[in-house]
Number of protein chains: 2
Amino acid sequence: MAQDRRPAGRSERRAAGERKPREERWAQLLEVATQVFYEKGYDGASLQDIADRLGMLKGSLYYYIQSKEDLLFEVISEVHREGYAVVRAAAASEGDPLDRLERTIRAHVEHACRNLVPTAVFLHELEALPTARREEILGSGHAYQGVFRDLVAEAQNEGLARPDVDPRVAGLSILGSTNWVYRWFRADGPSTPEEIAAQLAAMAVHGVATADALVAREAAVGA
Amino acid sequence: MAQDRRPAGRSERRAAGERKPREERWAQLLEVATQVFYEKGYDGASLQDIADRLGMLKGSLYYYIQSKEDLLFEVISEVHREGYAVVRAAAASEGDPLDRLERTIRAHVEHACRNLVPTAVFLHELEALPTARREEILGSGHAYQGVFRDLVAEAQNEGLARPDVDPRVAGLSILGSTNWVYRWFRADGPSTPEEIAAQLAAMAVHGVATADALVAREAAVGA
DNA sequence: CGGGCAACCTAACGACCGTATGGTGGTCGG
DNA sequence: CCGACCACCATACGGTCGTTAGGTTGCCCG
């Protein structure tokens, strides 16, 4: 069996698509794996697919990894680390809770749009990881959700958000609308990431804010 | 090989877990398939898994189906038909666009909460279907999104929604927040489907409505 | 009481999966 | 110029996958 697939024109040692140093290949491997997981899903993707695109044999991948699962873990881990850092930074910035909420949503959406493929893999294939490794990435709590929930709760405490909204549900609503963008955003579409981010942020802020707070915000913009 | 798995205590013709008439078994098959796809994903699930839970052998499934893909198609097709009908009915009901938007969101969320598993399979595994069969289900347009987008646009035309919101993005935002519930709703959680639906609907309405329209709505409730 | 059909079973097919093991060519420091 | 080592190749294993073809049972109808 000529390594499962590939014509394998007898033993002329294969076309040998350039040898590369380890670090460079590793980065390339992660990129290719991300793309393949995006296109076929984790279970649907095979190491063969990935190796093919790298111009090597699937067995050779084990020079870089211990198992297929390692690849998914690495891909997801990387994008989550980045995204979570971006969101936390925005949430901890200056200003009143509504301002920070708006900035956080925008940062989150813009990051998702600009890292569409890894984000999609993260959101779609996270549950393909065994529980232990999943929690190694997420931490034990619901990190993302918590950021939005806390910002809404804070706004509520300062009288900027309507008292009848449940911060928990509000946080999940925001998370849903922002995490949905990977399903419809297209770089060649009619809207830029910034425009979309601004729209989603504005809707969310209007969704939770009191009428008074909204009036105050418009006045501040006008000033 | 004793049909791949199962101890198979020699040939005593297997425990024979009750024979059932076709229609009943077919319903049971769909239910089991839905559950298994939910737990393992379409690619991760095997016909063996499904057959095991039905107490039959995987080959016997082909008495009911032509291929594994048929199962996914049937499952997704059913839940989509139901859900879309519910949403369209609510969108076509009486009242001004904001009222109808609110009712539509509530109907959508309540339906999703009460059909959590099929909904999850629909949203998660839809893209596992080949394009042709996917469009057979969805129709060629973006049906769900269109309903929400049109309601927002209608509200805008009547001066009930803020002119600076993009109905397209607003529709997708609403779709995102409502389609996200399958990821966090638990029947044994602190909130009922109705409460969650009401919260999400209220946030969405506040997210797009003008200040005047909101005042008018509160007055109407008070009356 | 016998024939037929519905609802399965039995058994196997070829393909492909992730993974292990040992080899092998080129490159580079000494 | 030589040996070591890096980045792969070659090959194969055991297993599982979806799918097929033909058999077997029990119930129903006449």
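Among the residues of A:36-48, the average count of other protein chain beta-carbon atoms within 10 Å of the residue beta-carbon is 2.
Within the range A:38-77, none of the GluC sites (Glu not before Pro) combine a DSSP coil assignment with at most 15 other C-beta atoms in a 10 angstrom radius.
Mean partner shielding of peptide B:66-78, defined as the number of other chain Cβ atoms within 10 Å of each residue Cβ, is 0. Interface residues of the range B:148-176, defined as a loss of at least 40 Å² in heavy-atom accessible area between the chain alone and the complex of all protein chains with a 1.4 Å probe, are B:Arg162, B:Arg168, B:Val169, B:Leu172, B:Ser173.
Across the range B:111-223, Cα pairs under 8 Å and at least six residues apart give a relative contact order of 33 percent.
Taking Cα atoms only, the orientation of helix B:211-222 departs from the longest principal axis of chain B by about 80 degrees.
Determine the share of the range A:26-85's accessible area contributed by carbon and sulfur atoms, expressed in whole percent, with a 1.4 angstrom probe. The nonpolar share, carbon plus sulfur, comes to 48 percent. Placing a label point 7 Å from the Cα of A:Asp70 along the Cα-to-Cβ direction, the residues of the range A:34-60 whose backbone N falls under 14 Å from that point are A:59-60.
Rolling a 1.4 Å probe across all protein chains gives B:Tyr63 an accessible area of roughly 140 Å². Helix B:143-157 and the longest principal axis of the Cα set of chain B meet at an angle near 10°. Across the range B:110-212, Cα-Cα distances exceeding 16 Å account for 64% of all pairs. Annotation: per residue accessible area for the protein assembly as shown equals 51 Å², rounded to a whole number [probe 1.4 Å, protein chains only].
Rg and Dmax, both from the Cα atoms of the range A:22-65 and both in Å, are 9.7, 27.
Size check on the range A:46-114: the Cα extents along the three principal axes, sorted descending, read 55, 20, 13 Å.
Figure legend: label point modelled 7 angstrom from the Cα of B:Lys20 along Cα→Cβ; residues of the range B:107-124 with amide N under 18 Å from it are B:118.
For chain A, what's the relative contact order in percent, using C-alpha pairs closer than 8 Å and at least 6 residues apart? It rounds to 20 percent for chain A. Search the structure for amide H atoms under 5 Å from the amide H of A:Ala209, placed 1.01 Å from N in the peptide plane, and list their residues when 5 or more places away or on another chain. Residues meeting the criterion, in which the H sits 1.01 Å from N, are A:Arg162. In the protein assembly as shown, Rg over Rh equals 1.02, where Rg is the alpha-carbon radius of gyration and Rh the Kirkwood radius from pairwise Cα distances.
Restricted to Cα atoms, chain A shows a radius of gyration and a Dmax of 22.1, 77 angstrom. Between A:Arg186 and A:Val215, the modelled label-to-label distance comes to 4.4 nm, taking each label 7 Å out from Cα in the direction of the beta carbon.
Rounded to the nearest 10 degrees, the inclination of helix A:22-40 to the longest alpha-carbon principal axis of chain A is 70 degrees.
Using a 1.4 Å probe and counting only protein heavy atoms, how much accessible surface gets buried when B and A come together, both sides summed, in Å² to the nearest 100? Working shown, then result.
Working: alone 12730 and 12750 Å², together 22680 Å².
Adding both sides of the contact gives about 2800 Å².
The values are calculated or read from the model by the stated rules, or taken from the named source; none is laboratory data. The structure displayed is predicted, hence computed values, not measured ones. All Cβ positions, glycine included, derive from the backbone under ideal geometry; neighbour counts span all protein chains shown. For the accessible areas, the whole protein counts, side chains as well, though only heavy atoms, and no ligand, DNA or RNA atoms are used. Shrake-Rupley method; radii C 1.70, N 1.55, O 1.52, S 1.80 Å.
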